[in-house]
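Notes for the one structure printed next.
The values are calculated or read from the model by the stated rules, or taken from the named source; none is laboratory data. Computed from a predicted structure; not experimentally measured. Positions of Cβ are backbone-derived with ideal geometry, glycine not excepted, and every protein chain shown enters the neighbour counts.
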Amino acid sequence: MNRTASEAKIHAPATDPAWALNVINKDLTRMFTLAELRAMPQTEVVLPIACVEGWSQNARWGGVRVRELLAMVGADPRQAAEVRSLETEGAYTGAQVPREYAWDELTLIALDVNGQPLDLEHGYPARLIAPNRPGVLQTKWLSSLAVR
């Protein structure tokens, strides 16, 4: 864990009952509350968090496929994406999601880890999880997913 929720200063926005994930494609923005994301078809995948410091830990992640959210705003499978965090300062405020990850069936907006809702340290209310990407690119505390 590179930063705690306290260090990232995200407690208030992450736990705000009005939180919603903005999914954006040009002039079209759809907002999904946590309840709406949970009501969508859920996918479970087993993927590691691989740290650039040399450790790796497998986990069972549950959530909504990124490609399904992108399709809901009219994205083309040739397009990449970008995620932004509620964290607004520092090196972990967002990440590029190249096309091959954005449209991979294993890439999720994760809501759960190991059968339990994410806790604040794991990225509550939602985080990115994708195969074969370093942990620093698995952005936590998401605020938006945008087509690029």
Of G74, G94, G63, G115, the only residue that is in contact with a strand residue (DSSP E or B) (Cβ under 7 Å, 6 or more places away or on another chain), farther than 22 Å from K9 by Cα and surrounded by 15 or more Cβ atoms within 10 Å (Cβ to Cβ) is G63
Filtering the stretch 95-136 down to residues that are in contact with a Leu (Cβ under 8 Å, 6 or more places away or on another chain), in contact (Cβ under 8 Å) with a residue 12 or more places away in the chain and not in a strand (DSSP E or B) yields A102, W103, L106, T107, G123, Y124, P125, A126, A130, P131
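Would you be able to tell me the number of residues in the stretch 137-148 that are polar (S, T, N, Q) and part of a strand (DSSP E or B)? Quick ask: steps written out before the conclusion?
Residues of the stretch 137-148 polar (S, T, N, Q): 138-139, 143-144.
Pick out the ones that are also part of a strand (DSSP E or B) and you get 143-144.
Here the count works out to 2.
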Condition set more than 25 Å from A102 (Cα to Cα) and surrounded by fewer than 20 Cβ atoms within 10 Å (Cβ to Cβ), scope the stretch 1-12, selection modelled with the lowest pLDDT: answer is T4
Counting only residues in the stretch 17-45 that are surrounded by fewer than 12 Cβ atoms within 10 Å (Cβ to Cβ) and within 17 Å of the chain's Cα centre (by Cα), the one nearest to L70 (Cα to Cα) is identified as P41
Note on the stretch 58-75: residues farther than 20 Å from P125 by Cα and touching a helix residue (DSSP H, G or I) at 6+ places or on another chain (Cβ under 9 Å) are A75
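Taking the condition over 14 Å from the mean Cα position of the chain (by Cα), of a type in the set (G, A, S), at positive phi and modelled with pLDDT under 95, does G74 pass? Let's see the steps before the verdict.
Working: over 14 Å from the mean Cα position of the chain (by Cα): yes; of a type in the set (G, A, S): yes; at positive phi: yes; modelled with pLDDT under 95: no.
When the stated conditions are applied, G74 does not pass them.
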